[in-house]
Amino acid sequence: MNFFELAYEILPALLKGTVVTLELTACSISLGFVLGICLALGRLYGNRPVSAFCAGYIQFFRGTPLLVQLLILYYGLPPYGIRLSSFVAGILGLGLNSAAYQAEYFRGAIQSISRGQMMAARAIGMSKFKTILNIILPQALRIVIPSWSNELIYTLKYSSVAYMIGAPELMAQGKFIAAENFRYFEVFLVVAFIYLVAVLVVSRALNMVERRVRIPGLQMAESI
Amino acid sequence: MPDKKTITLKVANIHKAYGIEEVLKGISFEVKKGETKVIIGPSGTGKSTLLRCVNRLTIPDAGRIWLDGVEVTHPRTDINKVRQSIGMVFQDFNLFSHLSALDNVRIGLIKVGKMEKRKATEEAMRQLARVGLKDKAASYPAELSGGQQQRVSIARALAMKPRLMLFDEPTSALDPELIGEVLEVMRDLAESGMTMVVVSHEMGFARSVCNEIIFIENGVIVEQGPPEVLFENPEHQRTKEFLCKISELYGKSERK
Amino acid sequence: MTLELTLSLLVLGLLVGIPLALGQVYARRGLVLLTSIYERFFRSIPALVLLFLFFFGSSFLGLSLSPFLSAVLALGFRSSAYQSQIFRGAIQSISQGQMTAARSIGMSKFQAIWHVILPQALRRSIPSWSNEYSSVVKDTSLAYAVGVIELVREGRYIIVRTFEPMIIYITIAVIYFVLTYAGNRSLGYLEGRLEIPGFEAKGRKE
C-alpha cells in the first residue's frame, strides 16, 4: 500500500500515543509553572540561602540534558528504593526541567516591571507580599505569555524524549508500529506530521489567549 | 513654644550616604499642620532621597523622623500603617500599568484599607473628580497623557486620606503644556489645608502657595524661609545665585 | 565523540543558518516564503523525530549513512533553522541607515552585507548564539537513540558493568554542565574581546 493508505491505517494507533503525549505535556508544564513561579520569586525576593538555592537549581536543570535528567529519575532512583513508572518519571523530569526555564522567563518578566511601581505600592501602605500579589504578578503573567508559549511548545516537542525511558507516548507508538511493518521512514513521517499539527494548533490557541488579556495601550514584545 | 500637637512632620538630623558619598549631612526641619514647604536645590543633592526617608522607602544612616508623634524611623513601627497616612507622588508617576485609572485609585482602599468594593468605588470616583478626571476612570495609564497620569497618581495618594503629602519633582517629567494642570491640582490641595512637602523647580507655584522654601545644597540646608524673604532678600549669596538661575529657566510668572 | 558531534553540527548550522537569515531579510517574496517554511518545519518537529527521520530516511532513499552522519545532518539542519532566527533578529536590529550609507558610497548589496551588516550582526548574535550552543550540546544526548557513541551511550556501557546508575548519570550530568558552562564563558569572553567601544551597551546584568 502506498504512503497515504499506510498513514490512514496507522493513525488511530498513533493517536493513542498522542493522547499520552498531551497528558505528559499538560501535567509537566503545570508542575513547571507552579514550581517556576516559586523559584523566580525565591530568586528575586528570598533571602540569601533561598536565592542561592533557586539560582543553583535553575543552573543545574538548564545546564544538563533532559535525557540525562530522565535517566537519573527512572534508572538512578530504583537502587535507592524509589521506583517510578515511566509516565510519572516523565512528568517529573519534564516538569522539574521546565520549572527552571519558566523561572527564568518569570524573572525576566518581573524585572521588566519598573521598580517605581513597587515603590508606589509600598508608598500607599501595601506589604511586600500584597504588592507582589496585586501589582507585580498580574503584570508579569501577561508579559511572560510569549515566552511561556515557547516553553509550552518546547515541552510538547521534548515529551518525545520520554520515549527513551519507555513512556507509551507518540514516539513509542511510532516505533512499535514501525517495528511491525518495517516502514520506519514513512511511519515517522506521519509522526512528524502529527507533531507539526499539534504545534500549530497550540500556537494559534496561545496567540488568541494573548490577544484576550492584553492591557489596552501597552505593547508586549513579540515572540519569535 | 510650638505646640507639639500641630507639628505634623519632624525631621531630625538625617544622614544618608551612598557608597562613600554622603548626600544628606544632617538635615532637620519641621512642618506644621496645613503648611506647604517647597524644597529646592541643585540636582543630585539628595532631595528625593530625603523625601523617601520620610516614608522609609529609603532608610537613613542616622537621624530620626516623626509623623504626628509616631517615630517613622523606629524599626518596630508598623511601616505599612504609617505609609497609609503619607501620600507620595513620584516624578515618573508610577501608576500600575495593568489597572485602569479607577482601579489604580481604588486598589489601595480595597487591599490595604480593607474597604468594601462599592464604598471604595464611590470614594475613588470622588478623588478622580477632585483632580478633574472623572471621565477617564476606565482608561488605562498607557492611554493617558503625562499630566493626566500624574493627576491620577495624586488621586491615588489622596484616596488613602493621608495627613501628609510628599511630591517628588511631580512636574519634571511632563511636557511644558501639561505642567499647569498638575500645579493647579496641587495648588487647590495646598489651599484646602493639606500638609505638603514638595521638591520642585516650579517657582511660580512656590511663590504663590508655600509657607517656606528650604534650600538644600551639598547635603545641608543652606537657607530656609518664607518665599518673599528668599526671593527679595536672601541671606546667602548661593541662595540668590540659585534662585536667579532657576527663575531664568522656569519663569517667575504667576500661574493661574 | 560528543564534542565532534557538537562542533560539526554547529558549523553546519552556521553555514546554512546565515544564508537563510540573509534570505529572510533581503530576498524576494518567494524565497522568503520558502525559508519560512523550512524554518517552521525544522522548529516544529521534535529533535528526536528528526533524528529518526534522517536515520531511517537515508536508507529509505537508498543512501547508507552512518548514525553519526545522519545525526549531524538532522541536528545540523535543525540548528540552522534556529540560528537563522538568531541572525535574522540581529540583522534586523541594525538600523536601516547603515545599509543606506553603504549603498550611497557605491557598495553593492552583497558588499554592504559582507562589510557592514554582518560584522555588526554577528557580534550582536553572540549572546543568543551562546544559548543555541547550550541547546545543541544537550541535544547531542539524543543522538544516543540512533546509535551514536556519545556521552550517554558510553555512560550506559559503564553502568552495565558497575551497576551504579545514579553516580554515573550524575557524573554525566556534571560533564554536560561543564561543557555548557565552559562554552558559555568562552563565548562571553569572545564577546568582550570583540566589543566595539561605546557600541550598544546591551546590559547583560540581569
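Points to keep in mind about this one:
- Of the strands (runs of 3 or more DSSP E) lying entirely inside region B:1-65, the ones with 3 or more residues being surrounded by fewer than 21 Cβ atoms within 10 Å (Cβ to Cβ) are found at B:7-18, B:21-32.
- Subset tally (residues that are in a helix (DSSP H, G or I), closer than 22 Å to C:PRO119 by Cβ and either without any contact (Cβ under 8 Å) to a residue 40 or more places away in the chain or within 14 Å of chain A (Cβ to nearest Cβ) (or both)) for region C:24-54: 2
- Some residue of region A:76-90 being within 11 Å of another protein chain (Cβ to nearest Cβ), surrounded by 16 or more Cβ atoms within 10 Å (Cβ to Cβ) and outside any loop (DSSP other than H, G, I, E, B): yes
- Residue count for region A:16-65, restricted to those that are open to solvent by less than 40 Å² (accessible area, probe 1.4 Å) and of a type in the set (Phe, Trp, Tyr): 2.
- Subset of region A:158-175 (residues that are closer than 16 Å to A:VAL19 by Cα, open to solvent by 10 Å² or more (accessible area, probe 1.4 Å) and touching a residue at least 24 places away in the same chain (Cβ under 8 Å)): A:TYR158, A:GLY166, A:PRO168, A:ALA172, A:GLN173
- Of the helices (runs of 4 or more DSSP H) lying entirely inside region B:89-179, those containing at least 2 residues that are farther than 30 Å from B:MET203 by Cα and out of contact with any strand residue (DSSP E or B) (no Cβ under 7 Å at 6 or more places or on another chain) are B:101-107, B:117-130.
- Near pairs, Cβ below 8 angstrom, 6+ apart or cross-chain, from region B:125-143 (more than 14 Å from chain A (Cβ to nearest Cβ) and crowded, with 20+ Cβ neighbours inside 10 Å) to any residue that is assigned to a loop (DSSP other than H, G, I, E, B) and of a type outside the set (Phe, Trp, Tyr): B:LEU128/B:ALA137
- Residue in region A:110-133 that is closer than 22 Å to A:LEU200 by Cβ, under 21 Å from the mean Cα position of the chain (by Cα), away from chain B (no Cβ under 12 Å) and part of a helix (DSSP H, G or I) present: no
- Which listed residue is closer than 30 Å to B:GLY146 by Cβ, surrounded by 12 or more Cβ atoms within 10 Å (Cβ to Cβ) and either at pLDDT 85 or above or among the acidic types (Asp, Glu) (or both), from A:GLU222, A:GLU210, A:GLU186: A:GLU210
- Residue in region A:14-35 that is under 25 Å from C:ILE158 (Cβ atoms) and without any contact (Cβ under 8 Å) to a residue 60 or more places away in the chain present: no
- Looking at A:LEU141, A:LEU94, just one residue is touching a helix residue (DSSP H, G or I) at 6+ places or on another chain (Cβ under 8 Å), crowded, with 19+ Cβ neighbours inside 10 Å and either within 11 Å of chain B (Cβ to nearest Cβ) or assigned to a helix (DSSP H, G or I) (or both), and that residue is A:LEU94.
- Residue match in region C:88-106 (condition: basic (Lys, Arg), buried (at least 20 other Cβ atoms within 10 Å of the Cβ) and at pLDDT 85 or above): no
- Cβ-Cβ distances below 6 Å connect the following pairs, each with a first residue in region A:40-52 that is within 17 Å of A:LYS128 (Cα to Cα), a second residue that is open to solvent by 50 Å² or more (accessible area, probe 1.4 Å), and a separation of six or more residues or different chains: A:GLY42/A:VAL50; A:SER51/A:ARG43.
- Tabulated pairs, region B:92-114, first at the interface with chain A (Cβ under 9 Å from one of its Cβ atoms) and under 23 Å from B:LYS81 (Cβ atoms), second among the small types (Gly, Ala, Ser) and open to solvent by 30 Å² or more (accessible area, probe 1.4 Å), C-beta under 8 angstrom, 6+ apart or interchain: B:ASN94/A:SER114
- Those residues of region B:66-81 which are assigned to a strand (DSSP E or B) and either facing chain A (nearest Cβ under 8 Å) or more than 16 Å from the chain's Cα centre (by Cα) (or both), in sequence order: B:TRP66, B:VAL70, B:GLU71
- Selection of region B:180-195 for residues being in a helix (DSSP H, G or I) and in contact with an Asp or Glu (Cβ under 7 Å, 6 or more places away or on another chain) yields only B:LEU183.
- Out of B:SER43, B:SER28, sole residue that is at pLDDT 90 or above and of a type outside the set (Lys, Arg): B:SER28
- Some residue of region B:152-162 being more than 13 Å from chain A (Cβ to nearest Cβ) and touching a residue at least 12 places away in the same chain (Cβ under 8 Å): no
- Verdict on B:GLN84 being open to solvent by 30 Å² or more (accessible area, probe 1.4 Å), touching a strand residue (DSSP E or B) at 6+ places or on another chain (Cβ under 6 Å), within 14 Å of another protein chain (Cβ to nearest Cβ) and at negative phi: no
- Hey, B:VAL105 surrounded by 15 or more Cβ atoms within 10 Å (Cβ to Cβ), over 23 Å from B:ILE79 (Cα atoms), of a type in the set (Val, Ile, Thr) and under 18 Å from the mean Cα position of the chain (by Cα) or not: no
The values are calculated or read from the model by the stated rules, or taken from the named source; none is laboratory data. Since the structure is predicted, the reported quantities are computational estimates derived from the model, not experimental observations. When we count neighbours, we look across all protein chains shown, and the Cβ atoms used for this are built from the backbone with ideal geometry, even at glycine. When the accessible area is computed, the model is the full protein with side chains, heavy atoms only, and any ligands, DNA or RNA have been set aside. Shrake-Rupley method; radii C 1.70, N 1.55, O 1.52, S 1.80 Å.
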